[in-house]
Amino acid sequence: MVHKSALFCLSVFVYVIATVNGEDPYRFFDWKVTYGDIYPLGVKQQGILINGQFPGPEIYSVTNDNLIINVHNHLSEPFLISWNGVQQRRNSYQDGVYGTTCPIPPGKNFTYILQMKDQIGSFYYFPSLAFHKAAGGFGAIKILSRPLIPVPFPEPAGDFSVLIGDWYKINHHKLKAVLDNGHRLPSPDGILINGHGSGASFTVDQGKTYRFRISNVGLQNSLNFRIQGHKLKLVEVEGTHTVQTTYSSLDVHVGQSYSVLVTMDQPARDFYIAVSTRFSSKLLTSTATLHYSNSAGKLSGPIPGGPTTIDWSLNQARSVRTNLTASGPRPNPQGSYHYGMINISRTIRLASSHGQVDGKQRYAVNSVSFKPADTPLKLADYFKIGGVFRVGSIPDSPTGGQMYLDTSVMGADFRAFIEIVFENRENIVQSWHLDGYNFWVVGLDGGSWTPASRNQYNLKDAVSRSTTQVYPKSWTAIYVALDNVGMWNVRTEYWARQYLGQQFYLRVYSPVESIRDEYPIPKNALLCGRASGRTTRP
């Protein structure tokens, strides 16, 4: 184990050397993953801690920083961390999902080497295996703009990360057993705000403006975020500066991240921060405290209520648009890439479904319920190990056929520009995520999608993000520029559904197989399954 002071000195040394040589800076993290007692809803539970913390430590970085994160697994089972929204440019080996990376065995460690390449914004990390996400192991990621790149708002007086999500009192091993036995989970028991069912607090100075980065790290529920007596000015969504629209509250669907500015323009007292479930049969609400530093009064008045209709949420979603004049991670306007003027080369329609396979509950995409292979797909691809997966094992469009199990991998060409339509024929709000990319959310509406639906697409300033919601009996369409070679997970963020098969992998392939397009396999890559015993050295 490296001593923290030595690690810090090494970090400073490498940072200075890298800066002098013109290389992007390095930041070092040393994480110990353990089980520990937590009491988020007032009941003792077994939680997953990182360096003794629940939630885990915040990752603070700047565009293009190199992150060296050494993860020591002290659990009694394999463990992996994934980085929601971090694109892993040319480097899907670091993505931290089982399709790309071998799990870290108990008692072992693995060092992730990530670069925040050409990214800014608000994201989070989480444990991707088993049902660990229901026990913790998640934390916030901030990627700040480089000093010379203008940001389209004054620097706030403070920058808070707010991790919200639904939560169970039931042990995560028991939840996993329910799913493994072919049953559905009960409804969650409560809502957490930064790991607390109640009691979280944010201290601010009257008259100043603060940034709140809100991420829904929960398991299934869309959540509404609001602050008593204060307005929320939206400024960033998953790495994209947005048109600065002001809202009274904000719907944050599972897996999504938003940044808002809040000005402390009220009398000096304490105010409720409220988070509640949306579109659920049982309304769950949790509160935190916005504490003015010169507060003259405690919390008072009713907890502010949230919206109640889907139309309200749909209209808000349509109002979230890209700020075309703002710079992103580079010193050029975000609107300089004219996505609406590029011809799409392929349309992929993805329909979710649920049902029984061999008497057990399963979930599927285009009738295929994902079955993990005995070897990570990316490793099988690299070592050319046959029989692990088959490209084309999931169709481009719904078949309407009976659900079946397969290790579903869809092939795609490097540098293609494609359209994906998520079709939701169910009565729940769904949320979909694509690793390795941001995409433009060009359209969403009720009913069935048809080619004529393209007439209503936003081809000018659609928001670019990595996670999008699909409303009940509705569709959402996205455009994606496939400029990142790799094996990328496409999944529902409804975590029980993901665990029971509602996911697949998109293999973005370049026949050149050049290091210009994709980094070589990491020399420290863990090897498992049929890749065991092979070498990563040239």
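The values are calculated or read from the model by the stated rules, or taken from the named source; none is laboratory data. Not measured: the values here are computed from a predicted model. As a convention, Cβ positions derive from the backbone with ideal geometry for all residues, glycine included, and neighbour counts pool all protein chains shown. These area figures cover heavy atoms from the full protein model, side chains too; ligands, DNA and RNA do not enter into them. Shrake-Rupley method; radii C 1.70, N 1.55, O 1.52, S 1.80 Å.
Using the structure shown, decide if residue 397 is closer than 30 Å to residue 512 by Cα, modelled with pLDDT under 95 and surrounded by fewer than 14 Cβ atoms within 10 Å (Cβ to Cβ).
no
Would you be able to say whether some residue in segment 11-23 is modelled with pLDDT of 95 or more and in contact with an Asp or Glu (Cβ under 9 Å, 6 or more places away or on another chain)?
no
Would you mind finding the one in 363, 337 that is of a type in the set (Phe, Trp, Tyr) and modelled with pLDDT under 95?
The conditions single out 337.
Could you please let me know if residue 525 is open to solvent by 10 Å² or more (accessible area, probe 1.4 Å), of a type in the set (A, V, I, L, M) and either assigned to a loop (DSSP other than H, G, I, E, B) or within 20 Å of residue 410 (Cβ to Cβ) (or both)?
So residue 525 fits the description; yes.
Filter segment 507-522 down to residues that are of a type outside the set (S, T, N, Q), farther than 14 Å from residue 383 by Cα, open to solvent by 30 Å² or more (accessible area, probe 1.4 Å) and assigned to a loop (DSSP other than H, G, I, E, B), then give me how many there are.
Residues meeting the conditions: 6.
From the list 174, 208, 133, exactly one residue is more than 28 Å from residue 299 (Cβ to Cβ), charged (D, E, K, R) and either open to solvent by less than 60 Å² (accessible area, probe 1.4 Å) or in contact with a Ser or Thr (Cβ under 8 Å, 6 or more places away or on another chain) (or both). Which is it?
Residue meeting the stated conditions: 133.
Within segment 285-341, take every residue that is among the charged types (D, E, K, R) and over 22 Å from the mean Cα position of the chain (by Cα) and give me the one that is farthest from residue 266 (Cα to Cα).
Just the residues of segment 285-341 that are among the charged types (D, E, K, R), to begin with: 298, 311, 318, 321, 330.
With the extra rule that they be over 22 Å from the mean Cα position of the chain (by Cα), the set shrinks to 298, 311, 330.
Numbers: 298: 14, 311: 30, 330: 36 Å.
My answer is 330.
Restricting to segment 322-374, and then to whatever is touching a helix residue (DSSP H, G or I) at 6+ places or on another chain (Cβ under 6 Å) and not in a loop (DSSP other than H, G, I, E, B), can you tell me which residue is farthest from residue 489 (Cα to Cα)?
Among them, the one singled out is 322.
Could you list, in sequence order, all residues of segment 79-121 that are small (Gly, Ala, Ser) and open to solvent by 20 Å² or more (accessible area, probe 1.4 Å)?
We begin by selecting, within segment 79-121, every residue small (Gly, Ala, Ser); these are 82, 85, 92, 96, 99, 107, 121.
Selection gives 107 alone.
Any idea which of 373, 351 is under 24 Å from residue 479 (Cα atoms) and out of contact with any Lys or Arg (no Cβ under 6 Å at 6 or more places or on another chain)?
Residue meeting the stated conditions: 351.
Going through segment 435-458 one residue at a time, which ones are hydrophobic (A, V, I, L, M, F, W, C), open to solvent by 10 Å² or more (accessible area, probe 1.4 Å) and either within 18 Å of residue 400 (Cα to Cα) or in contact with a Phe, Trp or Tyr (Cβ under 9 Å, 6 or more places away or on another chain) (or both)?
440, 441, 444, 449
Within the set of pairs 6+ apart or on separate chains, which have a first residue in segment 140-157 that is assigned to a loop (DSSP other than H, G, I, E, B), a second that is open to solvent by less than 30 Å² (accessible area, probe 1.4 Å) and aromatic (Phe, Trp, Tyr), and C-beta atoms under 7 Å apart?
Hits for this filter: 156/210; 157/210.
Just to be sure before I move on: is residue 229 more than 30 Å from residue 269 (Cβ to Cβ), out of contact with any Leu (no Cβ under 6 Å at 6 or more places or on another chain) and at pLDDT 95 or above in the structure I sent?
Spelling it out, it is not the case that residue 229 is more than 30 Å from residue 269 (Cβ to Cβ), out of contact with any Leu (no Cβ under 6 Å at 6 or more places or on another chain) and at pLDDT 95 or above.
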